[in-house]
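Structure record follows, encoded as structure tokens.
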Amino acid sequence: MSGNDKTEQLREQIVKACRARTPLVINAGNSKSFYGRQVEGEALPLDGHQGILSYQASELVITARSGTRLDELEAALDQHNQQLAFEPPLHTDQATLGGAVACGLSGPARAFRGAARDFVLGAKVINGKGELLQFGGQVMKNVAGYDVSRLMAGAQGTLGVLIEISLKVLPKSEAETTLAFEVDAAQGHQWLRNWLHEGQPISASCHYQGTLSLRLSSTENSIKQAHSRMGGEIVGNELWHQLRHQTHPCFQQDNLWRLSLPPSTNIHNEDDQLIEWGGALRWKASNNDLFEQARRLHGHATRYALRAASRQQVFQPLQPAMLAIHKRIKQAFDPHSILNPCRLYEEL
Amino acid sequence: MIPTHPNKSLIVRCLQKILPAASVLHETEDLRPYECDGLSAYQQLPLAVVLPETVDQIDQILTFCTKQQIPVVARGAGTGLSGGALPLENGILVSLAKFNRILHIDIENRTAVVQPGVRNLAISDAVREYGLYYAPDPSSQIACSIGGNVAENAGGVHCLKYGLTVHNIMKLEVVTIDGEHLTIGSDALDSPGYDLLALMTGSEGLLGIITEITVKLLPTPETANVILASFDDVATAGQAVSNVIADGILPAGLELMDNAAVGAADDFVNAGYPRDAAAILLCEIDGSDTEVADQLSRAQQLLQRSGATEIRVAKDEQQRAKFWAGRKAAFPAVGRLSPDYYCMDGTIPRHQLADVLTRISELSDEYGLPIVNVFHAGDGNLHPLILYDANIEGELERTEELGGKILEVCVEAGGTITGEHGVGMEKINQMCVQFNEYELQQFHAVKQAFDPNGLLNPGKGIPTLHRCAEFGAMHVHHGQLPHPELERF
Ligand SMILES: Cc1cc2nc3c(=O)[nH]c(=O)nc-3n(C[C@H](O)[C@H](O)[C@H](O)COP(=O)(O)OP(=O)(O)OC[C@H]3O[C@@H](n4cnc5c(N)ncnc54)[C@H](O)[C@@H]3O)c2cc1C
């Protein structure tokens, strides 16, 4: 298949940086630079390192270079009626596969179909010593060695620069329908829990300003049956696109926080709050730090201002024992701390 | 005569200060039941077996072992098939058998908090009354422990649709060898920092001892039904698997059995299988009534078009159970064909099924050892069962050699040496085939981050470079030498 392989070039730059102890800023489409602390250093550009390397619909696996644009990847899947089931946000059309996996962000379907990490089958990476390493593979099940490829999802390149990635893909559903209900958040989520328990084919949920929206994905007949059981008004499917790519007005707030909580925790009827993932994901504007509040609710918070790289703490602080093990893991992959240093935490 | 550790009696006395005397086993006859796991070809008595009941006791045991530099092996139910829980001669075996309580069932959030020694099936049994179940269902589920499942990233018949252990757990409590307590994952759907939940799953007891697990529960599907399709050629059956999946159907299970397995299973449980078929496929669809009806008929047509010679759809729950009974009893059924069998666990890309099965049957002829195939076809996870007789001198060695060859065929086909049983002691040499020295060094560095002195389950999972050099397999990887400019050791 076509594309452009920059592996050797990238490896040389990392080897050099390792010798000179030069910090590297890994970037590709720059669509997700807001998601983390600002990194100072020499640019390691992954854009141009692109191309789909293998894709066979019957294998449910796609392998591509990390700089491959997500829209290109999805177009290829579309031809076979398949999809990235975790619905990664694009933010801009420059978004790349590597960025999606490195940030580990997942869209509206996450609570129902799984997260980015759940679909990672294998990865080729270059660690902080400039060694090109391959973990996992292109098969569905693989327990040889530690699951380093999944560990890369969400590590934002701090453990290794993603070079190639293999993802599990899924068939698209035969049909998709959105149902809307005028109901408050607490009551709406109670219904949702019951419907999930009944096994209704729900693939996304959103509560915002007094409306609960649910997406159903299944066969035509099964959706009809679910609708007659659940009620609600059939509306268009655009909402999920806006949520997935974070173009919904809610995401335009500069003081936005992302709260990840146990789904049934403390669902209040706050109008400004947008609730996804069956209650497990809350988007909320606040000028105060929400780390402590999230911790008390057994979850975590992320500062989520789409427009700016932040010098402030973006991610929930880690407990001391966890921070210590994180540092040792970072050391194991990137002993001189040259890969996106401080991107996740100042200490990493 | 078993050689004893010079300080054995002193060590036992120290352990008896931590645990009640009955929870410290040290007499040979008490140690016997622990000398192997499900891979009984390897046997070793440990220095002692301890059966802690509290996390505090585990803490004290690990602190003691760290101080004395005594290696530690964790053991769940001992059903592992790769020698992962094989004791070490100078090591302590920590059995989690007494950690057998389900601590909490959260119906609203559909999760359960369980101790590691709880049996896999006991979780589904406990939540059935709420219309819930725990999805990963290894064939050993009546016996194996959830802690062992996490340590091996166990799979099962339903993994094609519902994922492996790693997809079905939320949170772990872990004690490291230094006595550090880590809460990994959370009750939310994600956690800040690195995905240590993924790293811990499948780590074969090398990174820490798992003391508590929060699992995800799923609502029991409204309906499930199964199709039994016969084929007059194994390769055609393999192609049918690809056709079903390419068409957009995601069966809950898609299992293949070859003629020998069909015969053995039918003899054993009278499953009513078509005994003259070269291969059968069991294709299960689950979901809502309408969804199942829709997809079942589609799958049926596809199988027909893919060359099935006969198709049966289970008429009722009873017949469905009967179709599955044969598959579930396949291993013990094959066990009756020969004094011993050896179960392999390679995984390959599905489109390689026909080629790899042909290659396996050639190897079987070459070695004069029959091979029976029963496997998770939907996932491409093969379980060739090599039939042999351990009482014939040299036959076990030849069987192991043949097994090693099969795994190498899997790697060549773009697959892996283990899909779900783990590396353990058994596949340590084949790790040198699948990974190059830098990759192995990276694994060792990860291990060091958790266990700097290498006291947890040493010698398993990841081979030393020295071992690979001896095995002679530290060579060409993915067709090329890594970093040819660097010096070879
Ligand atoms: C007949 C049969 C059928 C099988 N079918 C399947 C199948 O379909 N799918 C499948 O995946 N496997 C299967 N297996 C293999 C085996 O049952 C699984 O690997 C299972 O997960 C092992 O669980 P266990 O409790 O027996 O673990 P053990 O065998 O006791 O231990 C396995 C490994 O886990 C480690 N370990 C155990 N508990 C802990 C803990 N609490 N903390 C840290 N490490 C721990 C041990 O050190 C060891 O390395 C089968 C085995 C048999 C005998």
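Of note:
- On full extension, the segment bounded by B:E408 and B:A325 gains 26.7 nm, given 0.36 nm per residue less the C-alpha separation.
- Within chain A, the longest run free of exposed loop sites, counting GluC sites (Glu not before Pro) that sit outside DSSP helix and strand states (H, G, I, E, B) and have at most 12 other Cβ atoms within 10 Å, spans A:41-269.
- Under 20 Å from the B:D276 label point (7 Å along Cα→beta-carbon), backbone N, region B:299-318: B:304, B:307-313
- Loop sites in region B:1-80: chymotrypsin sites (Phe, Trp or Tyr not before Pro), DSSP, at most 16 other Cβ within 10 Å: B:Y42
- Within 10 Å of the Cβ of each residue in A:320-333, the mean number of Cβ atoms contributed by other protein chains is 5.
- For region B:142-201 versus region A:283-348, the spacing of their alpha-carbon centroids is 22 Å.
- The B-A contact accounts for roughly 6500 square angstrom of buried accessible surface, both chains included, probe 1.4 angstrom.
- Above-threshold pairs, the threshold being 22 Å between Cα atoms, out of A:K172/A:K224; A:K168/B:K447; A:K124/A:K168; A:K32/B:K171: A:K168/B:K447; A:K32/B:K171
- The modelled label-to-label distance for the pair B:E310/B:L465, using points 7 Å beyond Cα in the direction of Cβ, is 5.8 nm.
- Prolate is the label for region A:92-244, because a/c, from the alpha-carbon gyration tensor with a ≥ b ≥ c as root eigenvalues, is 1.5 or above and a/b exceeds b/c.
- 10 Å Cβ neighbours from other chains, averaged over peptide B:209-220: 1
- Gyration tensor verdict on chain A (Cα atoms; rounded if a/c is under 1.5, prolate if a/b is larger than b/c, oblate otherwise): oblate
- At least 24 Å along the helix axis (C-alpha) and Kyte average at least 0.0, DSSP helices within chain A: none
- Compactness relative to 2.2 N^0.38 Å, alpha carbon Rg of region A:175-303: 1.07
- Heavy-atom accessible surface of region B:182-235, averaged per residue, reaches 24 Å², computed with a 1.4 Å probe.
- Cα pair distances of chain B binned at 20 Å [whole percent]: 22, 55, 22, 1
- Between helix B:234-246 and chain B: long-axis angle, C-alpha atoms, 0 to 90°, nearest 10: 90 degrees
- Förster radius 30 Å - calculated FRET efficiency between A:Q209 and A:D289, Cβ distance, rounded to 0.05: 0.75
- The long axis of helix B:259-269 is offset from the longest Cα principal axis of chain B by roughly 80 degrees.
- Per residue, region B:8-95 exposes 41 Å² of accessible surface when a 1.4 Å probe is rolled over the protein heavy atoms with every protein chain present.
- Separation in nanometres of the label points that stand 7 Å from Cα toward Cβ, at B:D178 and A:Q319: 1.6 nm
- Protein-protein interface of region A:21-60, residues with accessible area decrease of at least 10 Å², isolated chain reference, 1.4 Å probe: A:Q56, A:A57, A:S58, A:E59, A:L60
- Computed packing ranks the peptides B:74-86, A:26-38 as B:74-86, A:26-38, most packed first, by mean other Cβ atoms within 10 Å.
- Nearest-ten-degree value, helix B:8-18 long axis tilted from longest Cα axis of chain B: 80 degrees
- In loop segments of region B:337-395 as defined by DSSP, there are no chymotrypsin sites (Phe, Trp or Tyr not before Pro) with at most 14 further C-beta atoms inside 10 Å of their C-beta.
- Near-label residues of region A:28-68 by backbone N, under 13 Å of a point 7 Å along Cα→Cβ of A:T22: A:41-45
- Relative contact order of region B:223-332, defined on C-alpha pairs under 8 angstrom at six or more residues apart (%): 45 percent
- Solvent-accessible area per residue, Å², over region A:175-303 with all protein chains present [probe radius 1.4 Å]: 40 Å²
- Across region B:210-225, coupling constants 3J(HN,Hα) worked out from phi with the 6.51/-1.76/1.60 Karplus curve, θ = phi - 60°, read 7, 10, 7, 9, 9, 9, 7, 10, 10, x, 4, x, 4, 9, 9, 8 Hz, and Gly and Pro carry x.
- Rounded to the nearest 10 Å², the accessible area of A:K172 at probe 1.4 Å: 70 Å²
- Under conditions of 20 °C and 1.002 mPa s, the protein assembly as shown yields 78 µm² s⁻¹ as its translational diffusion coefficient, taking Rh as the Kirkwood radius over Cα pairs in the Stokes-Einstein equation.
- Summary value for chain B: 13 percent relative contact order, contacts being C-alpha pairs under 8 angstrom separated by 6+ residues.
- Per residue of A:121-132, other chain Cβ atoms within 10 Å of the residue Cβ number 2 on average.
- Dipole magnitude of chain B, debye to nearest 20 (Cβ charges: Lys/Arg +1, Asp/Glu -1, about Cα centre): 760 debye
- Each residue was assigned an accessible area with a 1.4 Å probe, and for B:K328 the value is about 130 Å².
The values are calculated or read from the model by the stated rules, or taken from the named source; none is laboratory data. The model shown is predicted, which means the values in this text are computed figures rather than measured ones. Ideal geometry is used to build each Cβ from the backbone, glycine not excepted, and the neighbour counts take in all protein chains shown. Just so you know, the surface numbers come from the protein's heavy atoms only, side chains and all, with ligands and any DNA or RNA stripped out. Shrake-Rupley method; radii C 1.70, N 1.55, O 1.52, S 1.80 Å.
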